[in-house]
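What follows is a short report on a single structure.
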Amino acid sequence: MAEPKIGHGLTAHDETHNNNIANENQNSNASYGLGSNQNGFQGGGGPMTRFITPGGHPMDTSQPAFPVFHRKFANPAPLGLMSFAATTFLLSLYNVRARGITTPNVILGMALGYGGLAQLVAGIEEWACGNTFGATAFSSYGGFWLSFATLYIPQFEVVAAYGTEVHELDSALGLYLITWGIVTFFFLIASLKSSVALVSLFFFLDITFWLLAAGFLAGSVTATKAGGGFGILTAAIAAYTALAGMLTKDTSHFIIPVGDMSRASK
């Protein structure tokens, strides 16, 4: 025999089960300080534990130096900028022939993991935060580092396809860098109302790409070393801007300026 219906399609058994759950939750809330005690998470285990994690719940008091925001995205820009800075810095050291290094294959790991993957993550997060410029820039340069990494992966046979045609390979790489110089110029134009730090970053990055392109197209070691020098400067600016994004009034004893230009035309 079917159990009698109560309300909107609930059986007597269902109602009893729901009442038991409600009583358990009430007892759990009391033990977690949700009742008259408002001292935050007190531990002790129970059904609510999985919802109260460090930094993930307004009740959490485990990190008093850092504000807790419930369901709020953090600023992804420092991640994108720092990953770009570190990878650019390392490659630029190779371009200036630091310590006589002429085989830069170690850049592969950085290009894949930090410059590529980390920047793609930052770009996706910027997209979720509604920042079109940040999403486009970080995702683009994340893609750049991933594409650059393929040059050092033998299975892709990018370099091997040219065989002994060294001049043709250099020309192809030069055009590749020119393309990124053009892309960077677009980002430079789009950043003119942001900050002095960000405009400087794209300005010197653009110079870096054009010098490196000249190094391949003209076969000039001097141009390549100059591009490496500007790359180091670009990396320093990116790292500074990333640090500025992490040093907030809530989490730091001081902040550093980036030269806000958003009010320049107001």
Item checked: Fraction of accessible area attributable to carbon and sulfur, the stretch 133-250 (%, probe 1.4 Å) -> 72
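Would you work out if the stretch 189-243 is rounded, prolate or oblate? Take a ≥ b ≥ c from the square roots of the eigenvalues of the alpha-carbon gyration tensor; rounded if a/c is under 1.5, else prolate when a/b is larger than b/c, oblate otherwise.
oblate
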Checklist line | 1.4 Å probe accessible area per residue over the stretch 109-260, in Å² | finding: 51
Next item on the list: Can you pull the one-decimal nm distance between simple spin-label points at LYS225 and ALA190, each 7 Å off the Cα toward Cβ?
Entry: 3.6
Check: In the stretch 108-197, which GluC sites (Glu not before Pro) fall in coil by DSSP and have 12 or fewer other Cβ atoms within 10 Å?
Finding: GLU157, GLU165
Note to self: Let me spell out the model: positive unit charges on the Cβ of Lys and Arg, negative unit charges on the Cβ of Asp and Glu, origin at the Cα centre of the stretch 85-204. What dipole size does that give, in debye rounded to 20?
What the structure shows: 380
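The values are calculated or read from the model by the stated rules, or taken from the named source; none is laboratory data. Everything quoted here is computed from the prediction, not taken from an experiment. Don't worry about glycine lacking a Cβ; one is built from the backbone with ideal geometry, like all the others, and counts go over all protein chains shown. Accessible surface areas use protein heavy atoms only, side chains included; no ligands, DNA or RNA. Shrake-Rupley method; radii C 1.70, N 1.55, O 1.52, S 1.80 Å.
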